[in-house]
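Colleague: First the structure, which I've put down as structure tokens, then a few questions once you've had a look.
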Amino acid sequence: MTAPADAPKPSNFLRHVIERDLAEGTYAQRHFGGTPGDGAHQSAGPLDPAKIRTRFPPEPNGYLHIGHAKSICLNFGLARDYGGICHLRFDDTNPEKEEQEYVDAIVEAVQWLGFDWETPDPDRPGEMRSHLYFASDYFDFMYRAAEALIEAGLAYVDEQSADEIRATRGDFGHAGTNSPYRDRTTAENLARFRDMRDGKLPDGAAVLRAKLDMASPNINLRDPTLYRIKRAVHHNTGDVWCIYPMYAYAHPIEDALENITHSICTLEFEDQRPWYDWLLDTLCDLGLLVQPRPHQYEFARLNLTYIVTSKRKLRQLVDEGHVQGWDDPRLPTIAGLRRRGYTPESLQLLAERSGVSKAGGWLDYSTLEIALRDDLDPKAPRASVVLDPLRLKLVDFTEVFGSDAHREPCHAPVHPAKPELGQRDFVLGNEVWIERDDFMETPAKGFFRLFPGNKVRLKYGYVVECTGCEKDAQGVVTAVLAKLVPDTKSGTPGADKVKVKGVVTWVDVATAWPIEVRLYDRLFTEAQPDAGDRDFLSVLNPRSKQVASAYAEPSLASAQPEARYQFERHGYFVADRVDHGVQRPVFNRAVTLKDSWGK
């Protein structure tokens, strides 16, 4: 349930920054032209200087998760609200961990959330321009910028081992120490860097580092690494390169080349901002980029209880078989949430409700569930489904209707608040399925459903009176026995003549549609599964997935993959987007009707 397009937008510090920059014309003098051969280069093409540009820059080394969904909604949403453009850009600087599968999954996830990166092309009226980019598109420029830093005496080739570099970097209480290679001549550094590029040095033999300040209190400024040697086939550039830029070096350059105005990221990158600023200002001073350049702004990430969002841990869950793939409905990946039954609107609603601030904190998982309920309640069609079937025999059915073969027509609204959607039609026969927990031979206090001598209403049907039950040799109840109360059919004048406290959902045995129902719950039993030194796998919820052989009313036989319903009394369910079909109907529980986790 998203807000109307003309609804007031929530106020936050990022909107204040954008509105200030637009009012002051901060980016009105941006450079819009250039080619890779120019001294000054911006690559993303023409843009109205009165508009902003944001970007969503995922690394294609895994599937996106709920935290990314908030960033997507924020970046694309701000660009939409201020008439700007948001780029989808892949920060593909680490070929060993990146795959085309992840690129494709990320594109699909962003589009499914309701966003795109195409705008009218000012150079070709009537056509669209794509703003889908890759860091690897700029590798030539990044290399040229690195040589410019060397020539300016601001970068050097370090041939210490990784352990030596780590040891000499120092820590928060101790300054770092200079590399013995730090004072090489410009000519030596250029020659060695070109040796790195030309494959004359083995992997790990050398790195290119910026020459800043090894005593800086910000460890990110202690001669950060710009390039490393990595012989790996890149998904986009193949084996053209054997050196690759570091993310922290590449990212600011990408923002500048794409004319990004507001580079919005989460708070863990706050300490990187001085490096971001230094690099872009330096490249502007060297004539490779032009002012005004992008600026970085940080906000608190979305922290949700009962999940993990570390890509390493998500990959471990997948690789070790604790879940069934990146789109397992128990995972907080966008693909998993989609398969679970979450909607784009519900994730947008969560992103909006979680707010934008500098203050961190935790949202309870129930906040995500509430967003889905709020979205689905006004639009999900209803259906009757019995998850734990127990047979109910209407012992006087023939006496009332004249034949065991009779089928009494019944109907119910598709949606109780939307009569324009029509009704569902089904029948009542001499035997129906009810939920096993709707019967107690010896009722507990406060139990108002079926027990000997009690009357209940079969929802949308008749009032019935329980007369007893049948059991097998082990004493297990195999059927409940009841009599119809005449003239009490729902929707008829006599429907209210018998007052009852209990209402029971049911499905006719003869016309019921057998379905598989997957009852999903939280993947972990603890709110913060990876807190402290705890092994997050030790708190996996053994009941996070249960499978039921259920019976549904006939209307569900036409359900298409990803169709969502409210199963009356049970919750919201979706036809599985992968496994569901006519021959094997499969429905996933997205969320219960109310939060029952505490119980």
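Colleague: Residue pairs, Cβ under 6 Å, 6 or more apart or interchain, first in the range 296-321 and more than 22 Å from residue 102 (Cβ to Cβ), second exposed (fewer than 15 other Cβ atoms within 10 Å of the Cβ) and hydroxyl-bearing (Ser, Thr, Tyr). List them.
Modeller: Short answer, once both residue conditions are applied: 300/357.
Colleague: Identify, by number, the condition in (1) polar (S, T, N, Q); (2) under 24 Å from residue 393 (Cβ atoms); (3) free of Cβ contacts under 8 Å to residues at least 60 places away in the same chain that residue 505 doesn't meet.
Modeller: Tallying (1) polar (S, T, N, Q); (2) under 24 Å from residue 393 (Cβ atoms); (3) free of Cβ contacts under 8 Å to residues at least 60 places away in the same chain, residue 505 fails exactly one: (3).
Colleague: What are the residue pairs meeting all of these: first residue in the range 260-272, first residue more than 21 Å from residue 87 (Cα to Cα), second residue surrounded by fewer than 24 Cβ atoms within 10 Å (Cβ to Cβ) and among the small types (Gly, Ala, Ser), Cβ atoms under 8 Å, and 6 or more apart or on different chains?
Modeller: That search, which allows pairs on different chains as well, returns 272/248.
Colleague: Looking at the range 450-460 only, could you name the residues that are crowded, with 20+ Cβ neighbours inside 10 Å and either more than 41 Å from the chain's Cα centre (by Cα) or of a type in the set (Ser, Thr, Tyr) (or both)?
Modeller: Step one: list which residues in the range 450-460 are crowded, with 20+ Cβ neighbours inside 10 Å, which gives 450-451, 456-458, 460.
Of everything in the range 450-460, those that are crowded, with 20+ Cβ neighbours inside 10 Å and either more than 41 Å from the chain's Cα centre (by Cα) or of a type in the set (Ser, Thr, Tyr) (or both) turn out to be 450, 451, 456, 457, 460.
Colleague: Right, here's the next one. What are the pairs with Cβ atoms under 9 angstrom where one residue, in the range 555-572, is within 26 Å of residue 596 (Cα to Cα) and without any contact (Cβ under 8 Å) to a residue 40 or more places away in the chain and the other, located anywhere, is among the β-branched types (Val, Ile, Thr) and in a loop (DSSP other than H, G, I, E, B)? Sequence gap at least six, or different chains.
Modeller: Pairs that qualify, where the first residue is within 26 Å of residue 596 (Cα to Cα) and without any contact (Cβ under 8 Å) to a residue 40 or more places away in the chain and the partner is among the β-branched types (Val, Ile, Thr) and in a loop (DSSP other than H, G, I, E, B), are 571/592.
Conditions (1) at pLDDT 95 or above; (2) of a type in the set (D, E, K, R); (3) surrounded by 15 or more Cβ atoms within 10 Å (Cβ to Cβ), marked per residue:
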{"residue": "105", "(1), (2), (3)": "yes, no, yes"}
{"residue": "120", "(1), (2), (3)": "no, no, no"}
{"residue": "124", "(1), (2), (3)": "no, yes, no"}
{"residue": "154", "(1), (2), (3)": "yes, no, yes"}
{"residue": "164", "(1), (2), (3)": "yes, yes, no"}
{"residue": "173", "(1), (2), (3)": "no, no, no"}
{"residue": "208", "(1), (2), (3)": "yes, no, yes"}
{"residue": "212", "(1), (2), (3)": "yes, no, yes"}
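Colleague: Here is a further query. Return the pairs, sorted by first residue and then second, in which the second residue is surrounded by 16 or more Cβ atoms within 10 Å (Cβ to Cβ), the first residue lies in the range 382-399 and is among the aromatic types (Phe, Trp, Tyr), the beta carbons are less than 7 Å apart, and the residues are 6+ apart or on different chains.
Modeller: 397/430; 397/484
Colleague: Conditions first: (1) more than 30 Å from residue 444 (Cα to Cα); (2) in contact with a helix residue (DSSP H, G or I) (Cβ under 8 Å, 6 or more places away or on another chain); (3) modelled with pLDDT under 95. Residue 529 passes all but one, so which condition is the exception?
Modeller: (3)
Colleague: List the residue pairs whose Cβ atoms are under 6 Å apart, where the first residue sits in the range 4-19 and is under 22 Å from residue 358 (Cβ atoms), the second is assigned to a helix (DSSP H, G or I) and at pLDDT 75 or above, and the two are 6 or more positions apart or on different chains.
Modeller: 9/81
Colleague: Shifting gears a bit: Considering only the range 422-441, state which residues are more than 16 Å from residue 549 (Cα to Cα) and either in contact (Cβ under 8 Å) with a residue 12 or more places away in the chain or not assigned by TED's automatic domain parsing to the domain that holds residue 490 (or both). Talk me through it step by step, then tell me what you get.
Modeller: Here is the first cut: in the range 422-441, the residues more than 16 Å from residue 549 (Cα to Cα) are 422-431, 438-441.
Within the range 422-441, 423, 424, 425, 426, 427, 428, 429, 430, 431, 438, 439, 441 meet the criteria.
Colleague: I would also like to ask the following. Quick check on the range 209-229. Is at least one of its residues more than 27 Å from residue 270 (Cα to Cα) and assigned to a loop (DSSP other than H, G, I, E, B)? I'd like the intermediate steps shown before the answer.
Modeller: As a first pass, look at the range 209-229 and keep what is more than 27 Å from residue 270 (Cα to Cα): 229.
Next, only the ones that are assigned to a loop (DSSP other than H, G, I, E, B) stay: none.
No: zero hits.
Yes or no, residue by residue, for (1) surrounded by fewer than 18 Cβ atoms within 10 Å (Cβ to Cβ); (2) over 24 Å from the mean Cα position of the chain (by Cα); (3) assigned by TED's automatic domain parsing to the domain that holds residue 437; (4) more than 13 Å from residue 513 (Cβ to Cβ):
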position	(1), (2), (3), (4)
545	no, no, no, yes
551	no, yes, no, no
555	no, yes, no, no
561	yes, no, no, yes
564	no, no, no, yes
573	no, no, no, yes
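Colleague: Of all residues in the range 269-324, which are on the phi > 0 side of the Ramachandran plot and of a type outside the set (Ser, Thr, Tyr)? Break it down stepwise before answering.
Modeller: Residues of the range 269-324 on the phi > 0 side of the Ramachandran plot: 287, 306, 321.
Listed by number, the residues that qualify are 287, 321.
Colleague: Exactly one of (1) within 25 Å of the chain's Cα centre (by Cα); (2) of a type outside the set (Phe, Trp, Tyr); (3) within 25 Å of residue 371 (Cα to Cα) is unmet by residue 531. Its number?
Modeller: Going through the list (1) within 25 Å of the chain's Cα centre (by Cα); (2) of a type outside the set (Phe, Trp, Tyr); (3) within 25 Å of residue 371 (Cα to Cα), residue 531 breaks only (3).
Colleague: Something else now. Mind telling me which of the residues 340, 301 ends up being under 30 Å from residue 373 (Cβ atoms), among the basic types (Lys, Arg) and touching a Phe, Trp or Tyr at 6+ places or on another chain (Cβ under 8 Å)?
Modeller: Values: 301 fails: touching a Phe, Trp or Tyr at 6+ places or on another chain (Cβ under 8 Å).
That would be 340, the only listed residue that is under 30 Å from residue 373 (Cβ atoms), among the basic types (Lys, Arg) and touching a Phe, Trp or Tyr at 6+ places or on another chain (Cβ under 8 Å).
Colleague: Something else about it: Out of the residues in the range 524-535 that are surrounded by 15 or more Cβ atoms within 10 Å (Cβ to Cβ) and out of contact with any Phe, Trp or Tyr (no Cβ under 7 Å at 6 or more places or on another chain), state the one that is nearest to residue 579 (Cα to Cα). First the steps, then the outcome.
Modeller: Going residue by residue through the range 524-535, those that are surrounded by 15 or more Cβ atoms within 10 Å (Cβ to Cβ) are 524-530.
Next, from what is left, pick out any that are out of contact with any Phe, Trp or Tyr (no Cβ under 7 Å at 6 or more places or on another chain): 525-526, 528.
Numbers: 525: 27, 526: 30, 528: 31 Å.
The extreme case among them is 525.
Colleague: Would you check which residues across the range 133-158 are within 15 Å of residue 256 (Cα to Cα) and in a strand (DSSP E or B) and list them?
Modeller: Within the range 133-158, 133, 134 meet the criteria.
Colleague: Pick from 166, 124: which is more than 30 Å from residue 67 (Cβ to Cβ) and over 34 Å from the mean Cα position of the chain (by Cα)? Steps first, answer last, please.
Modeller: Details: 166 fails: more than 30 Å from residue 67 (Cβ to Cβ).
The conditions single out 124.
Colleague: I'd like the full set of residues that are assigned to a strand (DSSP E or B) and polar (S, T, N, Q), limited to the range 451-510. Before you say what the answer is, go through the steps one by one.
Modeller: Taking the range 451-510 and keeping what is assigned to a strand (DSSP E or B), we get 455-458, 463-471, 477-484, 502-504, 506-508.
Matches in the range 451-510: 467, 478.
Colleague: Kindly check whether there is at least one residue in the range 475-489 that is over 25 Å from residue 321 (Cα atoms), surrounded by 15 or more Cβ atoms within 10 Å (Cβ to Cβ) and small (Gly, Ala, Ser).
Modeller: The initial filter retains those residues of the range 475-489 that are over 25 Å from residue 321 (Cα atoms), namely 475-489.
From what's left, surrounded by 15 or more Cβ atoms within 10 Å (Cβ to Cβ): 477, 479-485, 488-489.
Within this subset, residues satisfying the condition of being small (Gly, Ala, Ser) are 479, 482.
Among the residues of the range 475-489, at least one is over 25 Å from residue 321 (Cα atoms), surrounded by 15 or more Cβ atoms within 10 Å (Cβ to Cβ) and small (Gly, Ala, Ser), which makes the answer yes.
Colleague: Hey, any hits in the range 86-95 for a residue that's assigned to a helix (DSSP H, G or I) and surrounded by 21 or more Cβ atoms within 10 Å (Cβ to Cβ)? If you could, list the steps in order and put the result at the bottom.
Modeller: The first filter runs over the range 86-95 and keeps only residues assigned to a helix (DSSP H, G or I), leaving none.
Looking for residues that are assigned to a helix (DSSP H, G or I) and surrounded by 21 or more Cβ atoms within 10 Å (Cβ to Cβ), one finds none in the range 86-95, hence no.
Colleague: Filter the range 560-587 down to residues that are assigned to a loop (DSSP other than H, G, I, E, B) and of a type outside the set (Val, Ile, Thr), then give me how many there are.
Modeller: Pass one, the range 560-587, residues assigned to a loop (DSSP other than H, G, I, E, B): 560-563, 568-570, 576-585.
Then keep just the ones that are of a type outside the set (Val, Ile, Thr); that gives 560-563, 568-570, 576-577, 579-581, 583-585.
Number satisfying all stated conditions: 15.
Colleague: Then there is this: What residue, among those in the range 64-98 that are under 25 Å from residue 249 (Cβ atoms) and among the hydroxyl-bearing types (Ser, Thr, Tyr), is nearest to the chain's Cα centre (by Cα)?
Modeller: It comes out as 71.
Colleague: Please work out which one of (1) surrounded by fewer than 18 Cβ atoms within 10 Å (Cβ to Cβ); (2) modelled with pLDDT of 95 or more; (3) closer than 30 Å to residue 332 by Cβ is the condition residue 511 fails and give its number.
Modeller: For residue 511, the exception is condition (3).
Colleague: Go through the range 350-391 and count every residue that is surrounded by fewer than 18 Cβ atoms within 10 Å (Cβ to Cβ) and acidic (Asp, Glu).
Modeller: 4
Colleague: Sticking with this one: Restricting the search to the range 334-349, which residues are in contact with a helix residue (DSSP H, G or I) (Cβ under 7 Å, 6 or more places away or on another chain) and either surrounded by 21 or more Cβ atoms within 10 Å (Cβ to Cβ) or closer than 14 Å to residue 520 by Cβ (or both)? Spell out the reasoning first.
Modeller: First, pick out the residues of the range 334-349 that are in contact with a helix residue (DSSP H, G or I) (Cβ under 7 Å, 6 or more places away or on another chain): 334-335, 337-338, 342-349.
Within the range 334-349, 334, 335, 337, 338, 342, 343, 346, 347, 348, 349 qualify.
Colleague: Would you mention how many residues in the range 109-132 are in a helix (DSSP H, G or I) and either among the aromatic types (Phe, Trp, Tyr) or in contact (Cβ under 8 Å) with a residue 12 or more places away in the chain (or both)?
Modeller: Step one: filter the range 109-132 for residues in a helix (DSSP H, G or I), giving 109-112.
With the extra rule that they be either among the aromatic types (Phe, Trp, Tyr) or in contact (Cβ under 8 Å) with a residue 12 or more places away in the chain (or both), the set shrinks to 109-110, 112.
Residues in the range 109-132 being in a helix (DSSP H, G or I) and either among the aromatic types (Phe, Trp, Tyr) or in contact (Cβ under 8 Å) with a residue 12 or more places away in the chain (or both): 3 in total.
The values are calculated or read from the model by the stated rules, or taken from the named source; none is laboratory data. Bear in mind that the values here come from a model prediction, so they are computed numbers and not experimental data. In this analysis, Cβ positions are derived from the backbone assuming ideal geometry, glycine residues included, and neighbour counts consider all displayed protein chains.
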